Amino acid sequence: MAARLEPVPRAPSPSLVDLRHLRSVDLNPLLDEEVQAWRQLLDWDFGKSAELVRRFVDMRALNGFALVDDGEAAGYAYYVLEEHKGLIGDLFVRDAFCSVENESRLLGSILGSLTSAPDIVRVESQLMMWHSPDAMPMPRHLSGFERNFMMLEMQRAELGPARRWTLGVVPTTAGASSRVYVERWSDQYQEAAAQLIAQAYRGHVDSLINDQYRSIGGARRFLFNIVQYPGCGTFYKPASLAAFDRMTGRMCGICLASLVMPHCGHITLICVAPWVRGGGVGYELLRQSLALLREAGCRKTSLTVTASNREAVRLYEDVGFTTTRKFFAYVWEGF
């Protein structure tokens with residue numbers, strides 16, 4: 001008679017715990033691994049974001065969940081509330097525990113909390129470390145947008161001729177750009193920039209991903225977050241620029257930059273007014289911002305762009321950016 005095979009016991013799944021029941025020390029190995037992952041994959045210092053997570057966890061003020069295995073945090077996800085919208089701020093699972101099941105448990109728990117809130121009608125997320133795009137919860141309410149994480153080796157940058165543009169000087173090329181000059185960013189430009197963002201992104205695919213682009217008030221919050229919080233790196237004013245129409249004084253373009261590593265810059269936003277599109281304003285803002293980042297010692301610069309925005313992707317590729325990682329922006333609505 002053949003020997004009877006005993007079933008191999010299955011390792012228990014990590015427990016799901018509310019983040020408000022944990023202390024920052026419980027998350028340290030997890031956050032240390034996430035910092036290392038961002039550094040290796042994206043040339044990005046996630047340390048300041050990790051410190052914010054620690055601070056809010058110790059204040060019992062971070063909404064979200066952790067997977068805990070034998071007293072050790074194996075993964076976590078958190079969210080923030082903004083009027084009638086939920087934002088999934090981060091989701092990360094340690095390599096030893098990374099699986100479709102564990103990622104889905106975290107994301108499903110977050111969505112369950114958000115969609116049960118009476119005033120929440122929309123949930124947004126851009127999860128750089130998500131590994132399971134084919135296993136998304138609540139698919140009936142889901143829209144996904146593929147995005148490119150692009151990187152430029154600065155010594156290989158094809159910045160082209162200056163086209164007689166200099167900071168504060170009106171260019172002499174023909175077309176829309178002949179009426180435009182570029183200035184260094186100033187805090188007094190924030191209101192004009194908010195109006196420009198709302199105008200520039202009207203009907204744009206990125207306004208489907210981030211509804212802050214749809215209104216001046218939302219754009220104000222977007223700009224405030226870029227300047228005050230490290231989610232897009234440390235805002236770097238010396239390489240952030242604004243373009244203006246010489247005849248009217250109206251702002252017609254902005255390019256905002258940050259530092260994500262001492263040697264790596266990041267273009268957080270670039271947009272131009274509809275009435276100067278095609279005149280080279282966007283290219284010149286990008287060109288000057290990259291030149292200033294290079295002067296500051298940056299060896300690399302990154303940016304993100306929605307893959308379907310082919311015109312922007314083509315511009316970045318012409319300058320020398322290459323796509324090094326694909327990820328998705330997700331939006332849930334109609335629940």
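The values are calculated or read from the model by the stated rules, or taken from the named source; none is laboratory data. Predicted, not measured: the structure shown is a model, and the values here were computed from it. FYI the Cβ positions are ideal-geometry reconstructions off the backbone, even for glycines, and counts take in every protein chain you see. Heads up: the accessible areas ignore ligands, DNA and RNA and are worked out on the full protein's heavy atoms, side chains in. Shrake-Rupley method; radii C 1.70, N 1.55, O 1.52, S 1.80 Å.
The condition of being basic (Lys, Arg), crowded, with 17+ Cβ neighbours inside 10 Å and within 21 Å of Arg147 (Cβ to Cβ) holds for only one of Lys326, Lys300, that being Lys300. Of the residues making up region 70-82, just one is at negative phi, open to solvent by 50 Å² or more (accessible area, probe 1.4 Å) and among the acidic types (Asp, Glu), namely Glu72.
When Val205, Val281, Val272, Val260 are checked against the criterion of being out of contact with any Pro (no Cβ under 7 Å at 6 or more places or on another chain), farther than 28 Å from Gly89 by Cα and open to solvent by less than 50 Å² (accessible area, probe 1.4 Å), a single residue qualifies: Val281.
Of the residues making up region 83-106, one or more are surrounded by fewer than 17 Cβ atoms within 10 Å (Cβ to Cβ) and touching a residue at least 60 places away in the same chain (Cβ under 8 Å).
Here is a yes/no grid of residues against (1) more than 24 Å from Thr301 (Cβ to Cβ); (2) of a type in the set (Phe, Trp, Tyr); (3) in contact with a Ser or Thr (Cβ under 6 Å, 6 or more places away or on another chain):
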residue: Tyr189; (1), (2), (3): no, yes, no
residue: Leu196; (1), (2), (3): no, no, no
residue: Val205; (1), (2), (3): no, no, yes
residue: Arg220; (1), (2), (3): yes, no, no
residue: Val227; (1), (2), (3): no, no, no
residue: Gly233; (1), (2), (3): no, no, yes
residue: Ala242; (1), (2), (3): no, no, no
residue: Met247; (1), (2), (3): yes, no, no
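When Phe321, Phe335, Phe244 are checked against the criterion of being of a type in the set (Phe, Trp, Tyr), under 25 Å from Arg156 (Cβ atoms) and in contact (Cβ under 8 Å) with a residue 60 or more places away in the chain, Phe321 stands alone in meeting it.
Checking each residue in region 114-138 for being part of a helix (DSSP H, G or I) and at pLDDT 95 or above picks out only Leu114. Once region 130-156 is narrowed to residues that are within 30 Å of Leu292 (Cα to Cα) and within 19 Å of the chain's Cα centre (by Cα), the residue that is surrounded by the most Cβ atoms within 10 Å (Cβ to Cβ) is Leu152. Of all the criteria given as (1) closer than 18 Å to Lys300 by Cα; (2) modelled with pLDDT under 95; (3) part of a strand (DSSP E or B), the one not satisfied by Tyr181 is (1).
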